[in-house]
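The values are calculated or read from the model by the stated rules, or taken from the named source; none is laboratory data. Small disclaimer: the values here were computed from a predicted structure and weren't measured. Cβ placement follows ideal geometry from the backbone for every residue including glycine, while neighbour counts extend to all protein chains displayed. Note: areas computed on protein heavy atoms with side chains; ligands, DNA, RNA excluded. Shrake-Rupley method; radii C 1.70, N 1.55, O 1.52, S 1.80 Å.
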Amino acid sequence: MQLTRMSEEGLRVIAVATTTLQTEEEIPEHITECRLTLCGLVGLADPPRESVKSDIETCKKAGIRVVMITGDNGITASAIAKRIGMENCDHIITGDMLNKMSDEELRERVKTVSIFSRVIPEHKMRIVKAFQENGEIVAMTGDGVNDAPALKYADIGIAMGKRGSEVAREAADLILMDDNFTTIVETVRDGRRIYDNIRKAVGYIFTIHIPIAFASLLAPMLGVNPAHLLLLPLHVVLLELLIDPTCSIVLERQPAEMDIMERIPRNPKEKMLTARILSKSVLQGVIIFAASFGTYYFMLHQNSNQASVARSMGLVVIMLSNLFLVQVNSSDRDYTFQSVRRLAHDKMMWAANIGTLAMIALILYSPLNSFLKLAPLSVGNLLLVIAIAFCAVFWYELVKLVKNHKKI
C-alpha cells in the first residue's frame, strides 16, 4: 500500500533492508536466498521542468504525440505523465506485457498507449518500429547506453548532451546540448518556419517572373514597335536586382506565422511545390501582369509618342507589386497588417522597402531616366500606378478573409 501511494505521487521508490551475518560462510550463493529485514522505503523525486507542461500542450496543437518509454515503475510514470498533461496516461504497457505481444498487436496498441514502463533496449526498438510501421515519423530521445539501439533505429535520434553517455551521442542524429525538452519544441517551430519560408520564396519566384515573361512575349504579338516595348533588357536587369535579394534574404528570414504550431504535420511525401501553391502563384502573377501590361498598353494606345511614360508606369506597377507581394504572401492566414506589425522591427525588411522606393525615385527622377528610356511621372500618374499595384496584389487579402471565415 505504501509503495503504491508513494509511486502515485511520482516518486521513484527504493526499498532498504538489512541482514546480519556472523561469518563469511553464511553468505548465500545467490542474493535471492538472503533473509532481509525491511528498514523502510525511500522516495526519490525527479520533478519535470516547469515548462514541460506547456510544451506538451504545444505539441498536442502541432499534431505531435509525446510518448514516455521508461524503465521506472508504471505507476510512477503515470503520475508524472498526469502532472505534465500527457494524453492516455492511464494506459500503460509493461515490459512483461510487451514480451507476450506479437508485432501486429503492438502496432495496434501503440495507437492509444503513451506510457511504456519496465522496458529493456529490445523493447524500445520494438516500440519505435511499431510507430514507424504505422506511418509515423519517430523522434527518440535518450541518454543511456541502453537507449543507443533505439536512437539509431528512430527517424531522428536525439541524445542528451549534458548527461548523455558517449554511446548515446554517437548513435544519435542530434545532440541536445541543454537537455531541455523546450529546445526540441522550439527546433520543430524553427524547422516549420524555414520550410514555410522556402515555399514562399519558390512561389514568389513563379509569381514575379510571370509579368516579365508574358510582357516580353505579348508585346511583339500585338505588333508593338520594338522601340516602345514595356521591358527592355536593361529593365529586366533592374527587376532582377529587386527579385534576388527579396527571394534570398527577405522572404527566407521571415519570422514564424502565428499559427505555425497549430498545424498538423505535413505529409513527408508531399512535394514542396504543390498544385495549390503553384495555382496561387500563377494567378497572382497573371493579375500583376494584367495590371502592369494593361496600364502600359492603355497609356501607349492613348499617345504613342509618350512611350517612355507608358513604360515607366508599367515598370513601376511591377516594382511596387513586388514590394506589396512580400507583405501579402508573408502568410496564407495572417492579414498584411499583422505581418507588418510582426516585421516592424526587422531592419532587413525596412532596407528592402526603402531600397525599392529609392530605386524607383532614382530611375524616374534622376538623369538616369533618359539612359533607361523612362520618363518622370506626374503626381497623378504616380498615384494611379500605386493604386493599380495595390489592387493587383491586395485582392488576396479577401481570399484570406474567406479562408479565415470558413475556419471559424
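Restricting attention to region 238-280, the residues that are free of Cβ contacts under 8 Å to residues at least 12 places away in the same chain, part of a helix (DSSP H, G or I) and of a type outside the set (S, T, N, Q) add up to 4.
Kindly evaluate I27 against the criterion of being among the aliphatic types (A, V, I, L, M), over 15 Å from G74 (Cα atoms) and either open to solvent by 100 Å² or more (accessible area, probe 1.4 Å) or without any contact (Cβ under 8 Å) to a residue 40 or more places away in the chain (or both). It is true that I27 is among the aliphatic types (A, V, I, L, M), over 15 Å from G74 (Cα atoms) and either open to solvent by 100 Å² or more (accessible area, probe 1.4 Å) or without any contact (Cβ under 8 Å) to a residue 40 or more places away in the chain (or both). For M86, the criteria (1) open to solvent by 20 Å² or more (accessible area, probe 1.4 Å); (2) within 24 Å of R12 (Cβ to Cβ) hold in every case but one, which is (1). Say whether the condition of being within 27 Å of the chain's Cα centre (by Cα) and closer than 29 Å to D90 by Cα is met by at least one residue in region 163-174. No, region 163-174 contains no residue that is within 27 Å of the chain's Cα centre (by Cα) and closer than 29 Å to D90 by Cα.
Based on what the data block shows, is V282 farther than 18 Å from R333 by Cα, of a type in the set (A, V, I, L, M, F, W, C) and surrounded by fewer than 19 Cβ atoms within 10 Å (Cβ to Cβ)? Spelling it out, V282 is indeed farther than 18 Å from R333 by Cα, of a type in the set (A, V, I, L, M, F, W, C) and surrounded by fewer than 19 Cβ atoms within 10 Å (Cβ to Cβ). Restricted to region 170-207, and to residues there that are of a type in the set (K, R) and modelled with pLDDT of 90 or more, the residue that is surrounded by the fewest Cβ atoms within 10 Å (Cβ to Cβ) is R189.
Looking at T32, T58, T19, T37, just one residue is hydroxyl-bearing (S, T, Y), farther than 26 Å from I137 by Cβ and surrounded by 11 or more Cβ atoms within 10 Å (Cβ to Cβ), and that residue is T19.
Of the listed requirements (1) open to solvent by 50 Å² or more (accessible area, probe 1.4 Å); (2) under 28 Å from N305 (Cα atoms); (3) not hydrophobic (A, V, I, L, M, F, W, C), P211 misses just one: (1). Scanning region 124-140 for residues being within 23 Å of K82 (Cα to Cα) and touching a helix residue (DSSP H, G or I) at 6+ places or on another chain (Cβ under 8 Å) gives a total of 6. Scanning region 137-160 for residues that are outside any helix (DSSP H, G or I) and either surrounded by 18 or more Cβ atoms within 10 Å (Cβ to Cβ) or in contact (Cβ under 8 Å) with a residue 40 or more places away in the chain (or both) yields I137, V138, A139, M140, T141, G142, D143, A154, G157, I158, A159, M160.
Select, from L315, L320, L283, L300, the only residue that is in contact with a His (Cβ under 9 Å, 6 or more places away or on another chain), in a helix (DSSP H, G or I), of a type outside the set (S, T, N, Q) and at pLDDT 90 or above.
The conditions single out L315.
Filtering I69, I64 for residues that are under 23 Å from D190 (Cβ atoms), open to solvent by less than 100 Å² (accessible area, probe 1.4 Å), among the aliphatic types (A, V, I, L, M) and under 32 Å from the mean Cα position of the chain (by Cα) leaves a single hit, I64. Candidates in region 376-408 are the residues that are modelled with pLDDT of 90 or more, open to solvent by less than 60 Å² (accessible area, probe 1.4 Å) and of a type in the set (A, V, I, L, M); of these, the one that is nearest to S339 (Cα to Cα) is V393.
The set of residues from region 217-228 being open to solvent by 40 Å² or more (accessible area, probe 1.4 Å) and in contact with a helix residue (DSSP H, G or I) (Cβ under 9 Å, 6 or more places away or on another chain) comprises L218, P220, L222, N225, P226, A227, H228. Condition first: assigned to a strand (DSSP E or B), aliphatic (A, V, I, L, M) and modelled with pLDDT of 75 or more. Can you find one or more residues in region 49-69 that meet it? Yes, some residue in region 49-69 is assigned to a strand (DSSP E or B), aliphatic (A, V, I, L, M) and modelled with pLDDT of 75 or more. With respect to the stated conditions, I354 is in a helix (DSSP H, G or I), open to solvent by 40 Å² or more (accessible area, probe 1.4 Å) and at pLDDT below 90. Within region 100-121, the set of residues being part of a helix (DSSP H, G or I) and either crowded, with 21+ Cβ neighbours inside 10 Å or in contact (Cβ under 8 Å) with a residue 24 or more places away in the chain (or both) comprises D103, L106, R107, P121. Being farther than 18 Å from L234 by Cβ and either in a helix (DSSP H, G or I) or out of contact with any Phe, Trp or Tyr (no Cβ under 6 Å at 6 or more places or on another chain) (or both) is a property that M359 lacks. Within region 242-256, being surrounded by 13 or more Cβ atoms within 10 Å (Cβ to Cβ) and not polar (S, T, N, Q) holds for L242, I243, P245, C247, I249, V250, L251, E252, R253, P255, A256.
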